Amino acid sequence: MHRHGYKGRKFGRKTDQRNALTRSLMCSLIEHQSIKTTLAKAKEIRRSTERLITIAKKNTLANRRLLISRLDSVATANLLMDVIAPQIKRDSGYLRIERAGFRKGDNAELAIISFVDDIELKEEK
């Protein structure tokens, strides 16, 4: 069997569980600016999150609604569109993945995924 046309990693989960995991990791990354997870998960959420950041850089109502539907969190979508996206000055390559050793229990390779640019989370009133 060949692997043509199979995109993305499965993580040993069913589709709905995998989508929920991806959305949760993306929300955590946007809220905390940096998270520590396995290398495979970091590589997979980098694809999705960079697409969302590109969408957020064009501040329109349709794009805001698209972000809300993909992130399942209105607050996180607003944070991404109103605070984070205007501070990013590059056209692509918004995230960096750094290897962080191996997990003690199962020896899974860990990674820290974070924004390349320094982001200031300012309180909006």
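Assorted remarks:
- Among the residues of segment 105-112, none qualifies, meaning not one is outside any loop (DSSP other than H, G, I, E, B), closer than 26 Å to residue 7 by Cβ, out of contact with any Ser or Thr (no Cβ under 7 Å at 6 or more places or on another chain) and aliphatic (A, V, I, L, M).
- Residue list for segment 9-25, restricted to those being touching a Lys or Arg at 6+ places or on another chain (Cβ under 8 Å) and open to solvent by less than 60 Å² (accessible area, probe 1.4 Å): 11, 18, 21, 25
- Total residues in segment 57-105, condition on the phi > 0 side of the Ramachandran plot and either polar (S, T, N, Q) or open to solvent by 90 Å² or more (accessible area, probe 1.4 Å) (or both): 1
- Among residues of segment 6-28 that are without any contact (Cβ under 8 Å) to a residue 24 or more places away in the chain, those with a beta-carbon under 6 Å from a residue that is not in a helix (DSSP H, G or I) at least six positions away or on a different chain give the pairs 18/11; 28/35.
- Verdict on residue 52 being open to solvent by 30 Å² or more (accessible area, probe 1.4 Å), at pLDDT 95 or above and over 20 Å from residue 101 (Cβ atoms): no
- Test: residue 120 is loosely packed, with under 14 Cβ neighbours inside 10 Å, touching a residue at least 12 places away in the same chain (Cβ under 8 Å) and outside any loop (DSSP other than H, G, I, E, B): no
- Residues of segment 62-92 satisfying the condition of being β-branched (Val, Ile, Thr) and more than 15 Å from residue 49 (Cα to Cα): 74, 83
The values are calculated or read from the model by the stated rules, or taken from the named source; none is laboratory data. Please read all numbers here as calculations on a predicted model, not as lab measurements. Note that each Cβ is placed from the backbone with ideal geometry, even for glycine, and that neighbours are counted across all protein chains shown. Side chains included, ligands, DNA and RNA excluded: accessible areas come from the protein's heavy atoms. Shrake-Rupley method; radii C 1.70, N 1.55, O 1.52, S 1.80 Å.
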